[in-house]
Structure formats: structure tokens, C-alpha cells
Amino acid sequence: MTQTAETPMVELKGVKKRFGNLEVLKGIDLKVDRGKIISIIGPSGSGKSTLLRSVNNLEVIDEGTIMLDGVQVNRPDLKGLAFERHINHIRQNMGMVFQHFNLFPHLSTLENVTLAPRKLKGVDARSARELGMELLHRVGLADKASAYPSSLSGGQKQRVAIARALAMRPKVMLFDEATSALDPELVEEVNQVMKSLAEEHMTMLIVTHEMAFARDVSDWAMFMDGGVVVEENTPERLFTNPDQERTCHFLRKHLASQA
Amino acid sequence: MDINLMIEIAPLLVKAAWVTVDISARALFFGFFIASALVALRTSRFLPVRWSARAYISVVRGTPYFVQLLLVFYGGPAIGLRLDPFTCGVVVGAFNIGAYMSEAMRGAIESVESGQSEASRSLGFGRFATLQYIVLPQAAGLMIRSVGVLAIILVKNSSLVSIISVVELTYQAQRLTGSTYKPLEVFSLSALMYIVIIYAVMGIVELLYRRATRYTYL
Amino acid sequence: MEFDFSPVITYFPTLIKGIGATLLIGLVVAIMSIIGGQIVAVISLYTRKVVNWPLRFFIWLFMTTPLLLQLYFLYFGLGQWILIPAIVVGVLGLGFHYMAYNADIFIATIKSVSSGQYEASRSLGFGHYATIFYIIIPQAFYRAIPQLGNNMIIMVKDISVLSAIGIAELVYLSQYAISVTFRPFEFYITIAVVYYLINVLMEAGQSWVERRAAIRK
């Protein structure tokens, strides 16, 4: 498949995933056009995190196809080392941000950001440093370059994790509940960084609990429950006037718990 | 206590203690490679390979080191394996401690939380690079401590090679008791030397541990 | 290279005797070192320094020197002043050695029982010693079981070392058979197999005990 401006950045078709007898993804279709932002909401256990992790093969799907910019991500035809090479290459084009940050505790903030460009792209130490400092500056943490993760707050950690993912110049960013593990007062600083990415038209796929934020930044919103997409629409519509009773119920419950 | 006698026999015991250190250090060195190989074999794609590594570890851990030593030294020639006592001590020590060490290393590797590997893989690092850059540096601290415990066991186990007449500390202590009839003096001095060796090992381990985990308090 | 296991069969009764001796020594040493270790731990934690410092010194000494050196000291050393049969030296030596290791574990588990337990017991009206005996020690014992099991599994393997001071257990009796038949490989392989089986059984026993003890933790 050749890439054109119309080729979606990420496209999932009929994605199914089972854990033992439990089917957690029951045939998901999803399309993210370049420069667009899609948010996925839903109760815990709905399969939304599994879906996001499937996109870069941290979870291996059982059926369906996943495409990144016209290239197939899951390749059941490739085995062993051949698949390993393929997926490592694919993953270099996707940035992933985790709920629990997963910063490398044995590396300084700057080293966390520069490790992948240096080792995987062969960027020399000086350019890597410049790139790292630029990205840290961008997430507002240039002054913490030589600090180690253990000395950072949760919000700072997550901002470094975003810088680390950006350092590989990814085509798409995947956010897996990036603010769920943070104290409420630290959520905003991470949201700000994500908003600034949105303004630069970074393609993003966001799994979140933050309804207000999702509504604010997304171009499209999806509600998942029980391994299926129950409803998808523009955020204005989905959050204020959903078509499905289940969506309505979820949003009401969620609002009540936040109040 | 006969202090003069102790001064007199001290050089002999120091020399024997050096043999104890030598044999243990060599066994630890080769044991480390055996352990690394076993850890790698246990993650092999092929079931028979994984299974053999596990069986080896289980058998070595399930039988006495002393019997292993006697089997190789006295039984070895029957299968064409003739080793001099010192080499036999090193080889059996290495293969023995290697099995224990592989378990310690695997434990340390598994103690690094899975999120670390996931983060590394999501950046595009392969399995080996993930191990090299992310997992091993974080497992190093725990690994050093457990290997240190094993090194101490190795030093104490090395006393058993006296049975195949390697002139190390325990052998010398026994011989000197026979010739001086002063067991208390001989054994206190030998015990002291074991204690010095063991505390030296503990000191080195602590230094290495601090170096490996420096990042936790930077 | 050819193997001939028929001498092993010929000397089967001898081996059985050796296995019996090994198991009996193991049982005696296990009982002695667990009960003794418990007592040593309690004394070294709850008595004056005059009493517990020497005790702690011996625990430390037994743990920082090799078993064989300790056995030689008892056998060749003490043997010069008083005549003790080898079997007594062997059982006592192994017993003291593992008593020290077990005491070390008990000390740690006793310390790990929270002070909240002590306070709760005192608030019910138990005295200081009653609290130690009825509340702290039983809890510490259950916590110690996994490590005690490990120690006893290691201990049984160390019984083979007793052959060095001439105790007629499995290895020593086999060495006699070897000196007659000249088949060291076959006999030592057989010993290894026997030990491996004992080890497997002990590990199975350990996990059974641990499962049962887990309920009381």
C-alpha cells in the first residue's frame, strides 16, 4: 500500500483479542487520520487499554489487522527474529506513554530522553543532548536534566516520559491513562503538555478518564464497553447528548463520582 | 594459649588461606559464565534446551556438593575425566555454584518490574538491548548481593576439597593439629582467617552494590 | 568405558544401612537444631548481655566458618582432652552448626512480629513473659517455617560431610564398598540419585507444611 495524504495514520480492522476464554476485544474498527486526536473512554475492564497496547503489539491480537501509516503492524506471517526486527522498527514510529510512567530509574532525566535516539538511531552524543534538552525545555523540565526519576513528582515524571517518547520523532502518540496515577493537582501540567502537542497537530490516540480534557482536545471520541465500541461521535455530541443508554449511564455515573 | 606457636604457624596458614581464596575466586569466575549460560538457555525457544537447563539446575541443587566432588574426582577417571585435585575443586565448585547463581540472576532479572521492559520495547528496543540497557543495570544491585551470599558459601564449601588433599586452610589446620597437638591455637587462627576472607568478600560486595545502585540516591 | 552396577546391587544392604543412618542422623539433628535454635534465639533476645553476648558470638562463629573445620575441631581437637565417639561429635557438630543458622532465622522472625501484637497482648492483661511465650514466639515460629525448611534441606545434604570424620552414613559405607569393588563412579552416581530423591521428597514435604502453616500466618 502506498502512502498518500489520505492514508489514515492508524487503522484497525476487526481486531479481536482473547485472554484464555475471555474475549476482551470483540472486533474493533478504528481510524485515526493524520493530525487528528481520538479519545477512548469507558469503564475499567472495557478493553480500552488492551486496545491501545495492541496498537504497538504490547498485546498480540488474535484476529484483524492494525496498520500504521500504510504499513501492517501485526504480521502473523512473520516468525521469530524476522518479526522481532519488524516490530522494533514499527515501534520506533510510535510513542507510548504509560499510566505508571515507567521511567528508567537508573538513568538521569536527560539520559531517559536520549537513550533511544542514541542507541537506535545512532544519533551522536552531542546532537542527542541538544535534542534531549530541547524536548525537556518543551515539557518545562530543562532544569531537571541531570536529576534522577526518584527525585521527581508524578507530574514531572510523566512529562519526562512524554519527552522520551517524542525523542524518537514518532508519527503517532499513544497515551494509556497518562494522568490516572497522578494526584489531582498534578494532572493539569501533564494535560497542558498534551494540549501543546495537539496544537502542533500531533496524531494522538488517548485512553483516558478525564472527560473534560477529552472533550476539549479530541476531534473524535469513542465509548467502549465489554470489548466493543458502543458509540462514537464528535466529542460535543458524545459527551453532551449520547445516543446510547449505556454511554449515558456511564457518563452520569462518572460525573457523580467526580462531584 | 601458646602465642609463640601461633606466630610460628601463621605463615603456613596464610599460605593455605591463599589457596582457599584462589580456588574460590576461580570457581566464582567460571561459575558466573556457567550461570549466565544457564539463564540464557532457560529462555531458549526450544523446549528440550529449556528443560535440560532446568534439569541440570535441579540435579546440582538437589545433591550434596561433597558427593559431586567425590563423584568427579574418584569417579571421573571411569569416564575418562582425570583432574588434579585443585582443578577438580575449581571445576566442581564452578559447576555447582553456577546452578545456584543462575537462579539468583534469574530472580534479580525478574525483580525488575515488567513496565520497564514494556517502556523499552515500546521505544523500539529489542529483547537483547532491553536486557542490556534497561533490565540488567536495574537488576545489578540485587544480583551482586545474592552472588555475594553465594561467594561466601563457595569459600566455606572450599574446605571440602581438603578431602581430595588440596592443601587449603582446613587441610592445613587438620595437619597442624596432628603435628603440634595444639588444636585450640590452630583452629582459632584458621577460623580467624576464614572470617577475614568472608568479611573481605562482604566488603567488596557492599562496595559493588553501592556502585551499582548509586542512581537510587542521586 | 563400561559401567557395571552389579556391585551396587551386591552391596545394596550396606547402602540401605547407610541411607537409614543418614535419615536417622538427619532426624535427630533437625529436632535438635530447631528446638535448640528456638531456645538460643529466645535467650539471646530476652536476657542480659552477660548471657546473650557469648551466645551471639557462637552463633556468629558457627555461621562464618566452614562446617568441616568445626567438625575437625570437635573431633581432632576436643578428642585430645576427652574421648567422645565420632557419632556423638558428628551429630553435635552438625546440630550446633544448624542450631546457629536456625537461631539466626528465629531472631529475625521474632523481631518481625509487630510491637502492636505485644501491646495488644499486654492490654489484655498478659504479662511480659506470657506475651513472649503465648503471642510472640508462636507467630515467629510460623513465619520461620519456610526458611527452616530450606535450612533442613541443606542440612541433610551436609550429612555426607560427616563421612570425613568416619561416621558410618551413606557416603562412608559406600566408600568401604568402593575400596573393595573399585567402582567409584557407579557408587557415587547411586549416592547422588539417593540424595536427589531425598531432596525431592523433602521439597514436596516443605511445600505441604508451608501450605498448612500459611493458614496460621
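Overview of values
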item	result
Using alpha-carbon coordinates, inclination of helix B:183-212 to the longest axis of chain B, degrees	20
Residues C:22, B:216 arranged by fewest to most Cβ contacts within 10 Å	B:216, C:22
Rounded Å value of the spacing that divides the Cα centres of the range B:25-71 and the range A:47-86	36
Rounded FRET efficiency, nearest 0.05, which uses the C-beta distance separating residue A:253 from residue B:29 and R0 of 56 Å	0.35
For residue B:63, net neighbour charge (Lys/Arg +1, Asp/Glu -1) across residues whose Cβ lies under 14 Å away	0
Residue order, fewest to most beta carbons within 10 Å, for C:75, B:209	B:209, C:75
Cleavage-rule hits, trypsin sites (Lys or Arg not before Pro), the range A:61-152, DSSP coil, Cβ neighbours within 10 Å at most 10	A:79
Given charges at beta-carbon only (K, R positive; D, E negative), |dipole| of the range C:1-142 in Debye	620
DSSP H segments from chain C that extend 18 Å or more along their own axis, Cα-based, with Kyte-Doolittle mean of 1.0 or above	C:12-46, C:86-112
Calculated FRET efficiency for the pair residue A:16/residue B:49, C-beta based, R₀ 30 Å, to 0.05	0.35
Helix B:136-157 axis, angle to chain B major axis (alpha carbon atoms, nearest 10°)	20
Nearest-ten-degree value, helix B:169-180 long axis tilted from longest Cα axis of chain B	10
Alpha-carbon centroids, the range A:92-165 and the range A:186-200: separation in whole Å	16
Cβ-based charge dipole, chain B, positive-most Cα from B:162, B:27, B:134	B:134
For C:133, A:250, order by how many other beta-carbon atoms lie within 10 Å, fewest first	C:133, A:250
Under 5 Å, built H, 5+ apart or other chain: amide partners of residue A:27	A:15, A:16, A:17
For the range B:112-208: rounded, prolate or oblate by the Cα gyration tensor [a/c cutoff 1.5]	prolate
Lys/Arg +1, Asp/Glu -1 at C-beta; the range C:1-154 dipole; positive extreme among C:151, C:95, C:60	C:60
3J(HN,Hα) from dihedral phi, the range B:125-133, Karplus parametrisation 6.51/-1.76/1.60, rounded to Hz, x for glycine, proline	6, x, 4, 5, 4, 4, 4, 5, 8
Distant-in-sequence amide H partners of residue A:203 (H built 1.01 Å from N, under 5 Å)	A:35, A:173
Rh by Kirkwood over Cα pairs, then Stokes-Einstein D for chain B at 0.890 mPa s and 25 °C, µm²/s	126
Close Lys-Lys pairs in the range A:1-85, where close means Cα under 23 Å and separation is 8 or more or interchain	16
Around residue C:63: net Lys/Arg minus Asp/Glu count, Cβ-Cβ under 11 Å	+1
Calculated Rg and Dmax of the protein assembly as shown using C-alpha coordinates, Å	32.4, 99
Assigned charges on the beta-carbon of Lys, Arg, Asp, Glu; the range A:1-111 dipole about Cα centre (debye)	160
Whole-Å semi-axes of chain A's equivalent ellipsoid (Cα gyration tensor)	29, 24, 16
Charge dipole (the protein assembly as shown, unit charges on Cβ, about Cα centre) - positive-most of B:198, A:39, C:78	C:78
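Taken together, the values in this text are just the output of simple stated rules run on the coordinates, not laboratory data. Given the structure is predicted, the values throughout are model-derived calculations rather than measurements. As a convention, Cβ positions derive from the backbone with ideal geometry for all residues, glycine included, and neighbour counts pool all protein chains shown.
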